[in-house]
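The values are calculated or read from the model by the stated rules, or taken from the named source; none is laboratory data. As the structure is a prediction and not an experimental result, all values here were calculated from the model. All Cβ positions, even for glycine, are placed from backbone atoms using ideal geometry, and neighbour counts span all protein chains on display.
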Amino acid sequence: MAVAMAQARSLRVRHARSAVGVVSTALCAGAAAAALLLILGYVVREGAASISIPFLTQVPHPVGIPGGGVANAIAGTGITVAIATLMAAPIGVLTGVYLAMYGRGAFASSIRFLSDVLAGVPSIAIGLFAYVVLVAPFKHFSAVSGSFAFAVLMLPVIIRTTEEAIRSVPVTIREGALALGLPVYATTVRVVIPAARAAIVTGLLLSIARVTGETAPLLFTAFGSQFWELNPRNPMAQLPLQIFNYAISPYPLWHEQAWGGALVLIVVVLVLNALARVALRSRTSR
Amino acid sequence: MTSIDAPTSTIPDEPGATRAAKAQLSVRGIGASYRKRPAIRNVSLDFKPRTVTALIGPSGCGKTTLLRCLNRIHEVTRGATVEGVVELEGQNIYAPGVDPVAVRRRIGMVFQRPNPFPTMSILDNVVAGLRLVGECRTRSAKLEVAERTLRLAALWDEVKDKLDRSGLSLSGGQQQRLCIARALATEPEVLLMDEPASALDPISTAKIEDLMTTLAERYAIIVVTHNMQQAARVSQETAFMLAGEEAVGELIEFGPTAELFTRPKDRRTEDYITGRFG
Ligand SMILES: Nc1ncnc2c1ncn2[C@@H]1O[C@H](COP(=O)(O)OP(=O)(O)OP(=O)(O)O)[C@@H](O)[C@H]1O
Ligand SMILES: [Mg+2]
């Protein structure tokens, strides 16, 4: 009798505790989601009015002339990020594979440490570094120097996610390939990396999403431009820079366009994140 | 017995070589450890060609570890070490300069848990070992190998219409048979099987046992099993292992299956096969 009551009591206590846990975590999750939705909703409300075909296909008009768009900035951001990806992806993925497959010694540990340090360096400092290395010597701003800064920002993300992706491939899969008489190299390239491919692609997309909205490293590298410019050796319009310049300008029209640009940027980043999720989900289905 | 084509043998049939005289795989004083902790010690025995040898013993006695020493896959584990000699047709596979890759091509393995390659189709899983040495490029060549080996592994009828589906789309037992077909495709001379039937239903188990008997006409087969009846049914020779003091596995008794099961020489063997411990 007493035992049964004690049990019932401890059960009630447990239920109460778990209820408190569920409610408090749900509240926090709700708060986080609400903050996100609020920001999104605000940007949509302020930016939606500027979104139009001309806005997406025209270059900026001079001050005072209505209309104009951010097409050159969208193209510039696309080109700059694409070049950055071409620079960072091969090095990052190969480094991640190396760390996961062979990274036991002091050399690997120091690479891992450097990568972690790099991940914590403020993006403006990396922009300064790119300026010193690729802008100052040539006395010329260029999109490619911005790409270089982006690539440095992307590297630690790619290295870390690739290493994790490779490590999460079960050792039994690797042993299965070795037991068939495949050399270590073939095992890595034909079996282990493909098994980790979805997670590696996810990491790449997340690293792209991470830099697409970066503004600080572009200030003294890609610099920005009001014109169509597709040559990466020249200064090039960039969406985040355009938003920044419009936002600090005194003209109401430009303020509206800054919101429009911000909306475009957010949509691009959201799409990249969504793609990353899809890539991860398609891991096994075929 | 099912009458199905076995893969052509790569072992030259030496005229005059008496069946029992020459060991296919000769194990001399093998010991293996994980991070300095010994798991098996001083195991010596001869695996005969065209023979099914069963490895039995309680869980944790080192059966898998011994098996993994026979195709040099043990050393792949971080911190794992091996000592002793394993001779494949007279050649020590642990001699300096011997390429473990070449050893593993000649000694195939089916793992305790099925491990199909997750990104490959059923068809590509089967021919994975051949594709890399440049064989089996065309689809018809792949299909030819796949049909032959999947029939052997008693899986063909279940997968023949979905060869392009992912290997992971199969059930656990089907995956295990896929892995058996994959191991057969490279036509090894010795086949190591670690509890190949532990995830199978009685019908597939019977098929796999038939397969072992068929393959034993050409290959040496070494099979780990917890099932005494299975060991008695399929094997001609049986090795009994037991983890003694310090939990290090040792070979207790080795001999013809019929003898070991009816007239065990060692008390511990008798206790084990009559179910008194383990
Ligand atoms: N990867 C590993 N790392 C460390 N120790 C291991 C590892 N694999 C096995 N061992 C140890 O080696 C000993 C032998 O293990 P093994 O897997 O060979 O046993 P087994 O006879 O195959 O058992 P089972 O019948 O359960 O499969 C055990 O004590 C186990 O704890
Ligand atoms: Mg085992």
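In table form, for the structure just shown:
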item: Matching helices (runs of 4 or more DSSP H) fully within the range B:88-185 where at least 2 residues are at the interface with chain A (Cβ under 8 Å from one of its Cβ atoms) and surrounded by fewer than 23 Cβ atoms within 10 Å (Cβ to Cβ); result: B:100-106
item: Within the range B:189-209, considering residues that are polar (S, T, N, Q) and more than 15 Å from residue B:67 (Cβ to Cβ), the one farthest from ligand 1 (Cβ to nearest atom); result: B:204
item: Residues satisfying the stated conditions in the range B:62-79, i.e. surrounded by fewer than 24 Cβ atoms within 10 Å (Cβ to Cβ) and part of a loop (DSSP other than H, G, I, E, B); result: B:72, B:73, B:77, B:78, B:79
item: Any hit, the range B:26-40, residues being in a loop (DSSP other than H, G, I, E, B), free of Cβ contacts under 8 Å to residues at least 40 places away in the same chain and either within 10 Å of ligand 1 (Cβ to nearest atom) or under 22 Å from residue B:100 (Cα atoms) (or both); result: no
item: Pairs, first without any contact (Cβ under 8 Å) to a residue 24 or more places away in the chain and farther than 21 Å from residue A:250 by Cα in the range A:50-63, second loosely packed, with under 14 Cβ neighbours inside 10 Å and not hydrophobic (A, V, I, L, M, F, W, C), C-beta under 8 Å, six or more apart; result: A:54/A:67; A:58/A:67
item: Failed condition for residue B:54, given (1) out of contact with any helix residue (DSSP H, G or I) (no Cβ under 8 Å at 6 or more places or on another chain); (2) within 30 Å of residue B:232 (Cβ to Cβ); result: (1)
item: Total residues in the range A:223-257, condition under 14 Å from residue A:144 (Cβ atoms) and touching a Phe, Trp or Tyr at 6+ places or on another chain (Cβ under 7 Å); result: 2
item: Scope the range A:164-194; condition assigned to a helix (DSSP H, G or I), among the small types (Gly, Ala, Ser) and surrounded by fewer than 22 Cβ atoms within 10 Å (Cβ to Cβ); matching residues; result: A:186
item: Flag for residue A:148 being away from chain B (no Cβ under 14 Å), outside any helix (DSSP H, G or I) and surrounded by 18 or more Cβ atoms within 10 Å (Cβ to Cβ); result: no
item: Cβ pairs under 7 Å, 6+ apart, first in the range B:65-82 and under 16 Å from residue B:107 (Cα atoms) and within 11 Å of chain A (Cβ to nearest Cβ), second near ligand 1 (Cβ under 8 Å from one of its atoms) and among the acidic types (Asp, Glu); result: B:67/B:194
item: Only listed residue being charged (D, E, K, R), at pLDDT 90 or above and crowded, with 19+ Cβ neighbours inside 10 Å, chosen from B:270, B:237, B:217, B:259; result: B:237
item: Candidates A:120, A:105, filtered to the one that is within 14 Å of chain B (Cβ to nearest Cβ), surrounded by fewer than 24 Cβ atoms within 10 Å (Cβ to Cβ) and over 30 Å from residue B:127 (Cβ atoms); result: A:105
item: Top-ranked residue of the range B:192-208 - restricted to ones that are under 13 Å from the mean Cα position of the chain (by Cα) and either within 16 Å of ligand 2 (Cβ to nearest atom) or surrounded by fewer than 21 Cβ atoms within 10 Å (Cβ to Cβ) (or both), ranked as nearest to the other protein chains (Cβ to nearest Cβ); result: B:192
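Quick grid of which residues meet (1) within 16 Å of ligand 1 (Cβ to nearest atom); (2) touching a Gly at 6+ places or on another chain (Cβ under 9 Å):
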| site | (1), (2) |
| --- | --- |
| B:54 | yes, no |
| B:74 | yes, no |
| B:88 | no, no |
| B:95 | no, no |
| B:111 | yes, yes |
| B:116 | no, yes |
| B:124 | no, yes |
